[in-house]
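A short write-up of the structure that comes next.
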């Protein structure tokens, strides 16, 4: 029978140290899929969602669109086009993106081979950004379950944004609602749309950290009350989750900072102001992660201290019991010696009428005196 705690920890280990699944020796920019990638088998097929708009007029929205339809909308030149792929795209879809939209094959290779580090790169025809979305799946009781990391790849061109989320959870619905509401996002171009997507990804970490912080506070109370094995397992799992979060979120600061530099040619100066705010949020998230890591480490010290204190209390109790019985054993051993009862040198107490009761009384006085002494020394 499998241990559920061990199963969850192994799933977390795969998330934290997920290997790239490209074939060794493959040429750069190869869009070949590796069939042995176990995690990719459970991913949903990519579903396309197309939106394009201008500063005035209605937003054109089409689910299940084709890449050719996105290219036709881009040809207008006056509209901002957002093509979103939800799920891991097939090599054929990536090849179509390469041929139809001119996306660089090295960037598309990073899309296909999951588990990339967050980064931002500039190519001749577009900007390429990778961020990681960390989510916690809920179990049947509604508690935090397995921690999952989805890779989100973003392409920014002159008038288009292509976003690819290889997971099952769509986090961009708030951005779509802003587009439908004809707000500022409609007037500031494709680079501002990219910022809105980045900001949504980064800010998705705050609710996750709030839940984790509440769990750590609950664990602290649980450990102080009763440091049992279940509390230790929960604490160990929380530490593993923080490892996954740190690995996913730490490089995001560098990626967003790269977009703020002047060599990011597809980002306008007016948008860099908003990117600074997004960068600040990424820094705050890392600060939370580091704080919670320290908190988890201190809780582990508290747990070990509580276990050690419990063991000391057990040993103290056993020692007190053994100490109390030591003089009693001496007394009973002394009067349990067998000698000639007719000898005048034998124990006179053996012939007393109430000798047995006298010995029991002495033993009771000894026990009472020792208990009083232990209590006075605060050993009880």
#### Entry: Kirkwood Rh, angstrom, the chain [1 / mean 1/r, Cα pairs]
25.7 Å
### Linear extension gain, residue 173 paired with residue 124, 0.36 nm per residue minus alpha-carbon span
14.6 nm
### Residue-averaged [θ]222 nm for the chain, counting only DSSP H segments that reach four residues, each worth -39500 (n - 2.57)
-18000 deg cm²/dmol
### Query
For residue 324 and residue 254, FRET efficiency with R0 = 51 Å and r from the beta-carbon atoms, rounded to 0.05?
0.15
### Gaussian network model of the chain, springs between alpha carbon atoms under 10 Å - residue of 251, 327, 348 with greatest fluctuation
348
#### Entry: Cβ-derived FRET efficiency at R0 25 Å, residue 377 paired with residue 354, nearest 0.05
0.15
### Task
Mark the label point 7 Å from the Cα of residue 56 along Cα→Cβ and return the residues of the stretch 166-186 whose backbone N is within less than 20 Å of it.
179-186
### Query
Which of 286, 320, 185 moves the most in a Gaussian network model of the chain with Cα springs under 10 Å?
320
### Message
Sequence gap at least 6, Cα distance under 8 Å: using those rules, report the relative contact order of the chain to the nearest whole percent.
### Response
15 percent
## Note on the structure
Using alpha carbon centers only, the stretch 47-92 is separated from the stretch 168-220 by a whole-angstrom value of 21 Å
### Query
Hey, in the GNM for the chain with a 10 angstrom Cα cutoff, which one of 322, 227, 75 fluctuates hardest?
322
### Query
So, in nm, how far is label residue 221 from label residue 95 when the simple model puts each one 7 Å beyond its Cα toward the Cβ?
5.8 nm
### residue 158-residue 304 FRET efficiency (beta carbon distance; Förster radius 41 Å; 0.05 resolution)
0.10
### Query
So, in nm, how far is label residue 182 from label residue 210 when the simple model puts each one 7 Å beyond its Cα toward the Cβ?
3.2 nm
### Distance (nanometres) between label positions extended 7 Å along Cα→Cβ at residue 117 and residue 66
4.0 nm
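Here, each number is a calculation from the coordinates, and none is a lab measurement. From a predicted model like this one, the values you see are computed outputs, not experimental measurements. Reconstructed Cβ throughout: ideal geometry from the backbone, glycine too, with neighbour counts over all protein chains shown.
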